[in-house]
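These notes are about the structure you will find just below.
The values are calculated or read from the model by the stated rules, or taken from the named source; none is laboratory data. Keep in mind it's a predicted model, so treat the numbers as computed, not measured. A quick note on method: Cβ atoms are made from the backbone with ideal geometry, for glycine too, and the neighbour counts reach across all protein chains shown. Side chains are part of the model used for accessible areas, which takes the heavy atoms of the whole protein and leaves out ligands, DNA and RNA. Shrake-Rupley method; radii C 1.70, N 1.55, O 1.52, S 1.80 Å.
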Amino acid sequence: MRQVFIIMGKEWRDGMRNRWVLATTALLAALALTLAFLGSAPTGAVKTGALAVTIVSLSSLTIFLIPLIALLLSYDAIVGEIDRGTMALLLSYPVARWQVVFGKFFGHLAILGFATVIGYGFAGLALQLAGSDNSGAWSAFMFMIGTSALLGGVFVAIGYFISTLVRDRGTAGGIAIGVWLFFVLLYDMALLGGLVVDQGRNVTPQMLNVLLLLNPADVYRLLNLTTSNDVSGFAGVAGLGAGAGLGSWTLMGALAAWMVAPLVASVALFARRQV
């Protein structure tokens, strides 16, 4: 495991030098602060804490932004180093290929997790200092930050799978953008369209459960907008969460599986790849 931590540290230092950590943290903090203070305007009317409103807003932002950042961070992690010739040099040292993949993955996950915790946490702290009554939503807010980092890990793993699957950085970048569009936009549009056309004739609740679990963005949405009473009532999706019949442990397991499966596939593909 020592080699894994060494490679992880190298990826972290590279991220710092490339301003990935600072740029991503600043972006998330700026957007989170904007949503926290501008998006909390309706709290007086609906008697909902500002932090609960912020959780709803940040959850929607996270679904669009975190997967994109994660894929841009990881899509060329393997194929890029192979193109530059640095992967052959790295593998000349006493390090296994699985250690390379895991070390780089955990390094990128640490970068994204750090940016998410600091960026979103800064917005929560600002709301607290502003004197908002957020006592009932802090646990949901911390849960949202943790699952946001986990969602980032899912798409970092998918980025690694793409990076080990293709032979060209340009192709990897194109596939990464296509994957982002599919999971964030196209999948739900197709699902909603199918449900409207079906009118409940063929799609059973159990089938809908499976369809929701097939998209990590939907799993994340259900986790953060339906598992907390302080948030689900304001989000307006409590009925969906109750109707889906998916508990928080099932959803957490599905999100973890979405991270582990592409990572294991990446290790298997990289083990057979010529460098």
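Here are some conditions: (1) in contact with a Leu (Cβ under 7 Å, 6 or more places away or on another chain); (2) surrounded by 22 or more Cβ atoms within 10 Å (Cβ to Cβ). ALA172 meets all but one. Which one does it not meet?
Of (1) in contact with a Leu (Cβ under 7 Å, 6 or more places away or on another chain); (2) surrounded by 22 or more Cβ atoms within 10 Å (Cβ to Cβ), only one is false for ALA172: (1).
So, in region 119-130, exactly how many residues are in a helix (DSSP H, G or I) and surrounded by fewer than 19 Cβ atoms within 10 Å (Cβ to Cβ)?
To start, the set of residues in region 119-130 that are in a helix (DSSP H, G or I) comprises 119-129.
The next check asks that each one be surrounded by fewer than 19 Cβ atoms within 10 Å (Cβ to Cβ); those that pass are 121-122, 125-126, 128-129.
Count: 6.
Condition first: at pLDDT 85 or above, in contact with a helix residue (DSSP H, G or I) (Cβ under 8 Å, 6 or more places away or on another chain), buried (at least 16 other Cβ atoms within 10 Å of the Cβ) and over 30 Å from VAL79 (Cβ atoms). Can you find one or more residues in region 145-155 that meet it? Give the derivation first.
Residues of region 145-155 at pLDDT 85 or above: 145-155.
With the extra rule that they be in contact with a helix residue (DSSP H, G or I) (Cβ under 8 Å, 6 or more places away or on another chain), the set shrinks to 145, 147-155.
From the residues that got through so far, the ones that are buried (at least 16 other Cβ atoms within 10 Å of the Cβ) too are 145, 147-155.
Right, trim to over 30 Å from VAL79 (Cβ atoms) and you get 145.
Yes, because at least one residue in region 145-155 is at pLDDT 85 or above, in contact with a helix residue (DSSP H, G or I) (Cβ under 8 Å, 6 or more places away or on another chain), buried (at least 16 other Cβ atoms within 10 Å of the Cβ) and over 30 Å from VAL79 (Cβ atoms).
Condition test on LEU165, is it in contact with a Gly (Cβ under 9 Å, 6 or more places away or on another chain) and more than 24 Å from GLY119 (Cα to Cα)? Spell out the reasoning first.
Values: in contact with a Gly (Cβ under 9 Å, 6 or more places away or on another chain): no; more than 24 Å from GLY119 (Cα to Cα): yes.
So LEU165 fails the test.
For region 4-53, give me each residue that is open to solvent by 20 Å² or more (accessible area, probe 1.4 Å), of a type in the set (Val, Ile, Thr) and modelled with pLDDT of 85 or more.
ILE6
Quick check on VAL267: is it of a type in the set (A, V, I, L, M, F, W, C) and either open to solvent by 60 Å² or more (accessible area, probe 1.4 Å) or modelled with pLDDT under 85 (or both)?
Numbers: of a type in the set (A, V, I, L, M, F, W, C): yes; either open to solvent by 60 Å² or more (accessible area, probe 1.4 Å) or modelled with pLDDT under 85 (or both): no.
In short, no.
Six or more apart or on different chains, Cβ atoms under 6 Å: show the pairs whose first residue is in region 61-74 and among the hydroxyl-bearing types (Ser, Thr, Tyr) and whose second is open to solvent by less than 10 Å² (accessible area, probe 1.4 Å) and part of a helix (DSSP H, G or I).
THR62/SER148; SER74/VAL156; SER74/GLY159; SER74/TYR160
Does region 208-220 include one or more residues that are of a type in the set (Gly, Ala, Ser), more than 12 Å from LEU71 (Cβ to Cβ) and in contact (Cβ under 8 Å) with a residue 24 or more places away in the chain? First the steps, then the outcome.
Taking region 208-220 first, the residues of a type in the set (Gly, Ala, Ser) are 217.
Among the residues that remain, those that are also more than 12 Å from LEU71 (Cβ to Cβ) are: 217.
This time we only want the ones that are in contact (Cβ under 8 Å) with a residue 24 or more places away in the chain, so: 217.
Yes; the residues of region 208-220 include at least one that is of a type in the set (Gly, Ala, Ser), more than 12 Å from LEU71 (Cβ to Cβ) and in contact (Cβ under 8 Å) with a residue 24 or more places away in the chain.
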